[in-house]
Amino acid sequence: MDALQSEIWIKGEKCSGKLTELAPFKGILKSKAALYDYQCQEENRELFRYSHPDGKGEYGFSYHQPLSLEDLINRRKATQEWARMSAGLMGRSPDYMNTLLMALGTAAPHFAKDRQEFGDNIKRLYERARDEDLSITHTFINPQVNRSMGHYLNSSTVTAAKVVEENKEGIVIQGARLLATQGGLTDELLVLPAGGPSFDDSYIFGFMIPANTKGLKFLCRESFCYSDCTFDHPLASQFEETDSIVVFEQVLVPWECVFVYKNLEAMSTVDEETGMYAFLQYQSVCRQIVKLEYILGLCEMIGDAIQIQEYEHVKLKMSEIINALEIMKALLLSSEVNSQPNRYGTVIPASTPLKAAIQYFPGVYPRLIEIIEMLGASGLISIPTQEDFQSEIKEDLERYLQGANIEAKERVRLFRVAWDLSMSAFGSRQTQFERFFFGDPVRLQAVHYNSYPMQPFVDQVQEFLNRIEEN
Ligand SMILES: Cc1cc2nc3c(=O)[nH]c(=O)nc-3n(C[C@H](O)[C@H](O)[C@H](O)COP(=O)(O)OP(=O)(O)OC[C@H]3O[C@@H](n4cnc5c(N)ncnc54)[C@H](O)[C@@H]3O)c2cc1C
């Protein structure tokens with residue numbers, strides 16, 4: 001990441017020097033490095049690495065094409081093991097995008113239908129990313145300038161990224177996209193057409209380019225990592241991913257990086273051909289389950305620290321978390337049990353239960369955060385810092401902030417985690433992330449309804465009606 005020298009802006013300044021030493025980024029980069037280190041440890045080899053039949057080498061699990069249910073289950077175990085290293089808080093751990101690239105790259109003939117070289121390109125991009133174990137960010141959304149139904153993307157004022165020139169070397173992109181989580185903090189950037197109606201084919205492209213490509217700028221939001229003290233900011237100091245607007249300033253995308261171009265048909269059938277959404281949802285649901293496990297454990301520890309578990313409403317709230325966890329686990333299992341190979345041999349988890357999970361979680365997550373706040377109460381506010389515990393008021397804190405069976409500093413450490421997950425800027429952003437990261441929940445629900453096989457249920461009711469004898 002230090003060597004790339006990608007163009008990253010934060011708080012009005014262009015970053016220079018080593019990213020791994022800059023306050024907003026060093027925590028998340030260290031946490032990502034820990035994932036790769038863990039994957040490389042000899043004792044984790046079986047779970048995290050696989051050998052390709054060509055015998056060329058060993059690769060990270062997230063690039064593995066599952067060819068059996070066993071492969072899929074292994075993918076789940078590895079995904080969740082990685083997710084546990086961040087308590088499910090790293091929404092864009094590298095396996096998210098690697099999984100997408102695997103789904104696209106192993107379905108190369110789909111892209112070759114348009115132009116043979118597009119099939120070759122996606123296969124080569126996948127294999128290079130796999131061989132070098134690259135990390136990738138993505139940006140699939142146009143700027144939020146005007147979302148009205150009749151809005152036509154005006155070509156005289158380019159806002160959404162579009163092709164402005166095509167030449168021998170490639171396509172030239174001008175405009176912006178949002179919202180790249182970890183934008184600038186990955187090796188590469190993957191771009192697919194933004195959803196919704198497209199009146200103009202200059203907005204239809206799919207490519208992957210290095211993050212340091214000339215003209216590519218990552219405009220980061222303010223960092224929510226206010227200090228690197230892990231006692232004061234236990235989560236933000238490690239897992240603040242940053243989000244950025246991606247600006248393309250006359251970016252030349254070489255032809256060899258392009259795999260979709262001005263072909264709406266290739267995009268409208270891409271999910272059915274590659275299973276890409278099912279795989280992205282599968283990775284997300286695996287991670288969300290881990291997050292739920294941590295929320296459940298955290299709430300139980302809060303309850304124990306101040307001895308509130310005997311109260312009926314506390315039990316009810318705890319059972320809400322348990323229900324959410326069990327529902328998500330059941331949906332994930334259903335997606336595995338009903339998985340099917342596609343025409344390229346890739347075993348794709350069933351999409352219907354995953355769609356249900358990916359819509360259910362954004363609804364239930366804010367409620368779970370509310371439960372943390374309701375159980376923690378003032379404990380989420382009475383959270384002195386590490387410096388306070390090292391100062392003259394130490395004895396006061398130790399006496400007045402002790403728990404029922406836990407020392408004050410340990411109790412504050414626990415409640416600080418709860419605060420950072422719920423009430424801090426980092427925690428609020430986590431809630432917004434879970435609401436929106438897979439797309440607008442409103443439109444996702446509509447898509448699910450539109451694609452759900454309704455006829456068998458209608459037939460069932462019709463048969464039932466037919467059986468009722470008139471009197
Ligand atoms: C923390 C965070 C991280 C993210 N990370 C990434 C990332 O890494 N990569 C990436 O590509 N994207 C990322 N996203 C973007 C995410 O995909 C979008 O937020 C999501 O698709 C919704 O789009 P939008 O934010 O532009 O909302 P809008 O589409 O602008 O919606 C705003 C409101 O208007 C309503 N609305 C708008 N249009 C319609 C319509 N046609 N019909 C009905 N209602 C409508 C919506 O329901 C919503 O209430 C991230 C978002 C967040 C919040």
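The values are calculated or read from the model by the stated rules, or taken from the named source; none is laboratory data. Computed from a predicted model, the values in this text were never measured in an experiment. Every residue, glycine as well, gets a Cβ built from its backbone with ideal geometry; the counts of neighbours run over all protein chains shown. Accessible surface is based on the protein model in full, side chains and every heavy atom, while ligands, DNA and RNA are left aside. Shrake-Rupley method; radii C 1.70, N 1.55, O 1.52, S 1.80 Å.
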Qualifying positions in the range 264-280 - small (Gly, Ala, Ser) and out of contact with any strand residue (DSSP E or B) (no Cβ under 6 Å at 6 or more places or on another chain): 268
Top-ranked residue of the range 315-363 - restricted to ones that are of a type in the set (Phe, Trp, Tyr) and under 19 Å from the mean Cα position of the chain (by Cα), ranked as surrounded by the fewest Cβ atoms within 10 Å (Cβ to Cβ): 360
Subset of the range 377-404 [under 39 Å from the mean Cα position of the chain (by Cα) and part of a loop (DSSP other than H, G, I, E, B)]: 381, 382, 383, 384, 385, 390, 401, 402, 403, 404
Boolean, residue 306 is open to solvent by less than 30 Å² (accessible area, probe 1.4 Å) and at pLDDT 95 or above: no
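Here's the yes/no breakdown for (1) under 14 Å from residue 8 (Cα atoms); (2) among the acidic types (Asp, Glu):
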{"residue": "224", "(1), (2)": "no, no"}
{"residue": "228", "(1), (2)": "no, yes"}
{"residue": "234", "(1), (2)": "no, no"}
{"residue": "243", "(1), (2)": "yes, yes"}
{"residue": "265", "(1), (2)": "no, yes"}
{"residue": "274", "(1), (2)": "no, no"}
{"residue": "277", "(1), (2)": "no, no"}
Residue in the range 226-233 that is free of Cβ contacts under 8 Å to residues at least 24 places away in the same chain and within 13 Å of the ligand (Cβ to nearest atom) present: no
Residue 222 vs. criteria of a type in the set (D, E, K, R) and modelled with pLDDT of 95 or more: yes
Given (1) farther than 20 Å from residue 262 by Cβ; (2) in contact with a strand residue (DSSP E or B) (Cβ under 8 Å, 6 or more places away or on another chain); (3) within 13 Å of the ligand (Cβ to nearest atom), number of the condition residue 142 does not satisfy: (1)
Test for residue 416: is it of a type in the set (Lys, Arg) and open to solvent by 20 Å² or more (accessible area, probe 1.4 Å): no
Cross-chain or 6+ apart pairs with Cβ under 7 Å, the range 123-147 first and in a strand (DSSP E or B), then among the acidic types (Asp, Glu) and within 16 Å of the ligand (Cβ to nearest atom): 136/187; 136/188
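Yes or no, residue by residue, for (1) in contact with a Leu (Cβ under 8 Å, 6 or more places away or on another chain); (2) among the acidic types (Asp, Glu); (3) over 30 Å from residue 224 (Cα atoms); (4) assigned by TED's automatic domain parsing to the domain that holds residue 433:
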| position | (1), (2), (3), (4) |
| --- | --- |
| 43 | no, yes, yes, no |
| 48 | no, no, yes, no |
| 52 | no, no, yes, no |
| 72 | no, no, yes, no |
| 79 | no, no, no, no |
| 106 | no, no, yes, no |
| 138 | yes, no, no, no |
Residue 71 charged (D, E, K, R) and open to solvent by less than 50 Å² (accessible area, probe 1.4 Å): yes
Failed item in (1) surrounded by fewer than 17 Cβ atoms within 10 Å (Cβ to Cβ); (2) part of a helix (DSSP H, G or I); (3) within 16 Å of the ligand (Cβ to nearest atom), with residue 439 passing the rest: (2)
Helices (runs of 4 or more DSSP H) fully within the range 1-97 counting 2 or more residues that are in contact (Cβ under 8 Å) with a residue 40 or more places away in the chain: 23-40, 69-84
Tally, over the range 84-111, of residues that are over 28 Å from residue 295 (Cα atoms) and within 15 Å of the ligand (Cβ to nearest atom): 1
Residues of the range 426-436 classified as open to solvent by less than 40 Å² (accessible area, probe 1.4 Å) and either near the ligand (Cβ under 7 Å from one of its atoms) or touching an Asp or Glu at 6+ places or on another chain (Cβ under 8 Å) (or both), total: 4
Residues of the range 98-150 that turn out to be open to solvent by 10 Å² or more (accessible area, probe 1.4 Å), within 26 Å of residue 181 (Cβ to Cβ) and among the hydroxyl-bearing types (Ser, Thr, Tyr), as a count: 2
